[in-house]
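To start, the structure under review is shown below, and the notes come after it.
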């Protein structure tokens, strides 16, 4: 499996490339800026971008969307509830439970509102090794909910129901967030500073 991170934008957004190392087909997740750097990385990897995913519609995750979409000619996927933030119609609007094949890999969609109404996580179901958590879950922390469309309780429920209590996601699954470094499900279950908030929900 191909897994690469590119840190872009003034906000240190993690843009990811995930792909099948046999077919060289790949997906681009959250092209937040520095489109030339993204293009160069794709060229070095010798992969073909077959899909562009947005974990949510905030500008630090979409800053290079227009240029990367035009350059790679790949379909755009995101959740419809963030269309008002993205401003560009998706080729396919995602919903909870959808799976999108990328070569021999499959990315499963978990709708995780709270940071934004249409926030999603993407779980690679073939290896069960990586969850792209966007701005839903960070190492030791969570995404902000003090934006006009943020919802703290909704975010806590998203993390609990879609990640922490989801038995399909192994404890050692890598959490690849929208900002900062990677983590694991097990680590966040034990040490995330907000774990008490999702644990006390009814």
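The values are calculated or read from the model by the stated rules, or taken from the named source; none is laboratory data. Fair warning: this is a prediction, and the values are worked out from it, not measured in the lab. In this analysis, Cβ positions are derived from the backbone assuming ideal geometry, glycine residues included, and neighbour counts consider all displayed protein chains.
A few notes on this one:
- Residue list for the range 53-88, restricted to those being surrounded by fewer than 23 Cβ atoms within 10 Å (Cβ to Cβ), touching a helix residue (DSSP H, G or I) at 6+ places or on another chain (Cβ under 7 Å) and within 28 Å of residue 155 (Cα to Cα): 76, 86, 88
- Restricting the range 135-151 to residues that are outside any strand (DSSP E or B) and buried (at least 16 other Cβ atoms within 10 Å of the Cβ), the residue that is modelled with the lowest pLDDT is 149.
- Checking residue 107 against (1) within 19 Å of residue 199 (Cα to Cα); (2) crowded, with 22+ Cβ neighbours inside 10 Å, the condition it does not meet: (1)
- Some residue of the range 72-88 being over 17 Å from the mean Cα position of the chain (by Cα), closer than 25 Å to residue 150 by Cα and part of a loop (DSSP other than H, G, I, E, B): yes
Listed here are the residues, each with its yes/no results for (1) touching a residue at least 40 places away in the same chain (Cβ under 8 Å); (2) farther than 21 Å from residue 1 by Cα.
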{"site": "28", "(1), (2)": "yes, no"}
{"site": "35", "(1), (2)": "no, yes"}
{"site": "41", "(1), (2)": "no, no"}
{"site": "51", "(1), (2)": "yes, no"}
{"site": "60", "(1), (2)": "yes, yes"}
{"site": "69", "(1), (2)": "no, yes"}
{"site": "73", "(1), (2)": "no, yes"}
{"site": "76", "(1), (2)": "no, yes"}
{"site": "83", "(1), (2)": "no, yes"}
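- Figure legend. Inter-residue proximity from the range 175-202: first residues in contact (Cβ under 8 Å) with a residue 12 or more places away in the chain and on the phi > 0 side of the Ramachandran plot, second residues in a strand (DSSP E or B) and buried (at least 20 other Cβ atoms within 10 Å of the Cβ), beta-carbon distance below 6 Å, spacing 6+ or different chains. Indicated pairs: 180/138.
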